[in-house]
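Down below is the structure, laid out as structure tokens.
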Amino acid sequence: MALGGDRLPHGPRPCPERDLPGHCRCVGPPAIRPPRCRLQPGKSLVKILFSGYAPVHFLCFRPLYARLVTMPGVSVDLSGGTRTKSPFAPGGYLFDHETMYGAFDLPDGAVRSVGSLAKEDYDVMFAANTRRIEPRRVQSRVQIFHGMSFRNRAIRPETDGADHYFLLGPYMKRGFEAAGILSPDDPRGVEIGFPKTDRLLDGSLDRAHTLARHGVSGDRPVVLYAPTGERHNSLETVGENLIAKLAAVDRYDVLIKPHDHPHTLVDWWDRLRPLESEHVRLVREPDVIRTLSIADLLITDASSVANEYALLDRPIVFIDVPELIELTRNKGARLDLETWGRKGGEVVADVSEAIEAVEAGLDDPTRRSDVRRAMVADLFYHPGSATPAAFDWLSGEMALR
């Protein structure tokens with residue numbers, strides 16, 4: 001477990017003149033900084049860092065990581081870790097990289113402790129969390145995102161200071177412009193999409209294999225329950241009753257995916273274990289994309305997983321969470337229930353309404369399809385091909401080939 005704190009850049013900054021070989025020498029104040037900041041030709045090794053504090057953060061970078069590590073002349077380090085507040089840690093957090101990365105098949109030495117970053121310099125860093133965990137020096141910061149819900153927690157001042165933003169879609173772009181973080185046509189805003197979700201559409205997932213991984217046959221409709229991790233989420237308010245009632249219907253295979261970094265000390269995997277049965281399964285793998293691919297219907301509340309699932313144009317049921325929504329307002333987030341919000345699915349007030357909505361959604365999965373399709377067009381650039389779009393940009397902007 002490493003000690004460390006999030007470093008918060010304050011506002012856009014130019015790439016300062018470096019005395020490191022191969023680093024660019026962009027000069028001038030942020031307002032007139034040249035939009036391009038390429039690595040010098042002939043640089044023998046490009047050093048790249050990724051950092052985050054939850055498994056889902058790495059999952060959003062993993063499609064890029066899988067390709068970057070195969071490129072000659074490119075070195076990729078991973079850092080960060082699941083974080084725990086501590087009054088004794090610099091920056092107020094302990095970072096446990098073993099917990100964050102332990103579920104992934106990574107080569108020895110791929111992960112560096114947060115503490116070691118204070119002595120390291122990198123050419124490019126990617127971060128999927130808004131408060132970037134930074135090294136001593138870095139030439140170019142690329143902000144990626146681990147999702148986009150109607151709470152719009154991805155759009156906040158802490159992200160300011162990145163050199164590039166891999167925007168998920170037109171909706172996110174408008175949000176960053178409205179927040180004053182990006183100006184219209186700002187070259188830092190790059191229209192990439194969401195590489196994490198490519199596998200939902202690119203044909204790379206095998207349904208039979210994925211069903212078997214989850215311990216279900218596919219003979220019954222698969223209902224996935226995936227709540228958000230914020231306080232007052234539906235798992236806290238009605239979740240256990242909902243799971244029991246879904247099981248009692250005895251017509252579905254129910255998969256339960258607790259959030260991987262909930263804002264609570266409850267160990268939901270341990271607490272929900274007694275509810276498991278032949279047709280009720282806890283999803284323990286961190287990658288929700290596989291699970292989404294086999295779900296015939298999704299139940300959620302305020303999670304960005306709803307927008308990812310909308311790419312499949314399948315029915316969604318939203319458990320209403322008024323206290324969570326009020327908490328979001330009180331935090332000053334850019335809550336938006338008007339543009340798309342929960343319009344792609346059915347909003348229900350309690351468990352009995354949820355059970356009825358699940359049955360209705362499976363009976364008519366095309367209901368609200370037009371809304372979901374329009375929503376996806378606004379939420380995502382390059383659906384199913386965001387990873388190639390990212391590498392097209394990296395090849396040109398960063399001269400990575």
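When Tyr381 is tested against (1) in contact with a helix residue (DSSP H, G or I) (Cβ under 6 Å, 6 or more places away or on another chain); (2) of a type in the set (Phe, Trp, Tyr); (3) assigned to a loop (DSSP other than H, G, I, E, B), just one condition goes unmet, and that condition is (1). If the condition is being at pLDDT below 95 and among the polar types (S, T, N, Q), then segment 141-165 contributes Ser149, Asn152, Thr159.
Taking Asn241, is it within 24 Å of Phe61 (Cα to Cα), in the same structural domain as Ile355 (by TED's automatic domain parsing) and part of a helix (DSSP H, G or I)? The answer is no for Asn241.
Yes/no per residue for (1) at pLDDT 95 or above; (2) under 21 Å from Arg290 (Cβ atoms); (3) not basic (Lys, Arg); (4) not assigned by TED's automatic domain parsing to the domain that holds Ala390:
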| position | (1), (2), (3), (4) |
| --- | --- |
| Lys47 | yes, no, no, no |
| Ser51 | yes, no, yes, no |
| Val56 | no, yes, yes, no |
| Cys60 | yes, yes, yes, no |
| Pro63 | yes, yes, yes, no |
| Leu68 | yes, no, yes, no |
| Met71 | no, no, yes, no |
| Ser79 | yes, no, yes, no |
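Residues of segment 116-138 that are in a helix (DSSP H, G or I) and either within 13 Å of Asp160 (Cα to Cα) or in contact with a strand residue (DSSP E or B) (Cβ under 7 Å, 6 or more places away or on another chain) (or both): Leu117 alone. Would you pick out the residues in segment 50-67 that are surrounded by 14 or more Cβ atoms within 10 Å (Cβ to Cβ) and assigned to a helix (DSSP H, G or I)? Those that are surrounded by 14 or more Cβ atoms within 10 Å (Cβ to Cβ) and assigned to a helix (DSSP H, G or I): Pro55, Val56, His57, Phe58, Leu59, Cys60, Phe61, Arg62, Pro63, Leu64, Tyr65, Arg67.
Please work out which residue is surrounded by the fewest Cβ atoms within 10 Å (Cβ to Cβ), limiting yourself to segment 310-336 and to residues that are of a type in the set (D, E, K, R) and under 17 Å from Ile299 (Cβ atoms). Of everything passing the filter in segment 310-336, Asp313 is surrounded by the fewest Cβ atoms within 10 Å (Cβ to Cβ). Just the residues that are farther than 18 Å from Cys60 by Cβ and without any contact (Cβ under 8 Å) to a residue 24 or more places away in the chain, please, taken from segment 133-172. Result: Arg136, single match.
Are there any pairs, at least 6 apart or on different chains, whose C-beta atoms fall under 9 Å, with the first in segment 382-401 and more than 15 Å from Pro63 (Cα to Cα) and the second of a type in the set (S, T, N, Q) and surrounded by fewer than 19 Cβ atoms within 10 Å (Cβ to Cβ), and if so, which? Pairs found: Ala399/Gln40; Arg401/Ser395.
Sort through Arg207, Arg174 and tell me the only one that's closer than 30 Å to Ile355 by Cβ and more than 18 Å from the chain's Cα centre (by Cα).
From the options Arg207, Arg174, the qualifying one is Arg207.
Note on segment 337-364: among residues that are surrounded by fewer than 16 Cβ atoms within 10 Å (Cβ to Cβ) and outside any helix (DSSP H, G or I), the one that is farthest from the chain's Cα centre (by Cα) is Asp364. Under the condition of being outside any loop (DSSP other than H, G, I, E, B) and of a type outside the set (S, T, N, Q), the residues counted in segment 206-238 number 13. Residues in segment 68-95 that are closer than 30 Å to Leu200 by Cβ, within 23 Å of the chain's Cα centre (by Cα) and surrounded by 17 or more Cβ atoms within 10 Å (Cβ to Cβ): Leu68, Val76, Asp77, Leu78, Ser79, Gly80, Gly81, Thr82, Arg83.
Does Val266 fit the bill of being of a type in the set (A, V, I, L, M, F, W, C), part of a loop (DSSP other than H, G, I, E, B) and without any contact (Cβ under 8 Å) to a residue 40 or more places away in the chain? Can you show your working first?
Values: of a type in the set (A, V, I, L, M, F, W, C): yes; part of a loop (DSSP other than H, G, I, E, B): yes; without any contact (Cβ under 8 Å) to a residue 40 or more places away in the chain: yes.
When the stated conditions are applied, Val266 passes them.
Please go through segment 317-336 and pick out each residue that is part of a loop (DSSP other than H, G, I, E, B) and either modelled with pLDDT of 95 or more or closer than 17 Å to Pro227 by Cβ (or both).
If we filter segment 317-336 for residues that are part of a loop (DSSP other than H, G, I, E, B), which is where we start, we get 320-321, 331-336.
Hits for segment 317-336 are Asp320, Val321.
Here is a yes/no grid of residues against (1) modelled with pLDDT of 95 or more; (2) among the β-branched types (Val, Ile, Thr); (3) within 15 Å of Leu298 (Cβ to Cβ):
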{"residue": "Lys196", "(1), (2), (3)": "yes, no, no"}
{"residue": "Gly203", "(1), (2), (3)": "yes, no, no"}
{"residue": "Arg207", "(1), (2), (3)": "yes, no, no"}
{"residue": "Leu211", "(1), (2), (3)": "yes, no, no"}
{"residue": "Leu224", "(1), (2), (3)": "yes, no, yes"}
{"residue": "His232", "(1), (2), (3)": "no, no, no"}
{"residue": "Val238", "(1), (2), (3)": "yes, yes, no"}
{"residue": "Leu246", "(1), (2), (3)": "yes, no, yes"}
{"residue": "Val249", "(1), (2), (3)": "yes, yes, no"}
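Scanning segment 365-380 for residues that are surrounded by 21 or more Cβ atoms within 10 Å (Cβ to Cβ) and over 12 Å from Gly344 (Cβ atoms) yields one hit, Phe380. Taking (1) in contact with a Phe, Trp or Tyr (Cβ under 9 Å, 6 or more places away or on another chain); (2) part of a helix (DSSP H, G or I); (3) of a type outside the set (Val, Ile, Thr) in turn, His259 satisfies each apart from (2). Taking segment 171-196 as the range and being within 20 Å of Ala377 (Cα to Cα), touching a strand residue (DSSP E or B) at 6+ places or on another chain (Cβ under 9 Å) and not in a helix (DSSP H, G or I) as the test, the residues that pass are Gly189, Val190, Glu191, Ile192, Gly193, Phe194. For segment 261-283, residues that are surrounded by fewer than 18 Cβ atoms within 10 Å (Cβ to Cβ) and under 17 Å from the mean Cα position of the chain (by Cα) total 2.
The values are calculated or read from the model by the stated rules, or taken from the named source; none is laboratory data. None of the values given here were measured: they were computed from a predicted structure. As a convention, Cβ positions derive from the backbone with ideal geometry for all residues, glycine included, and neighbour counts pool all protein chains shown.
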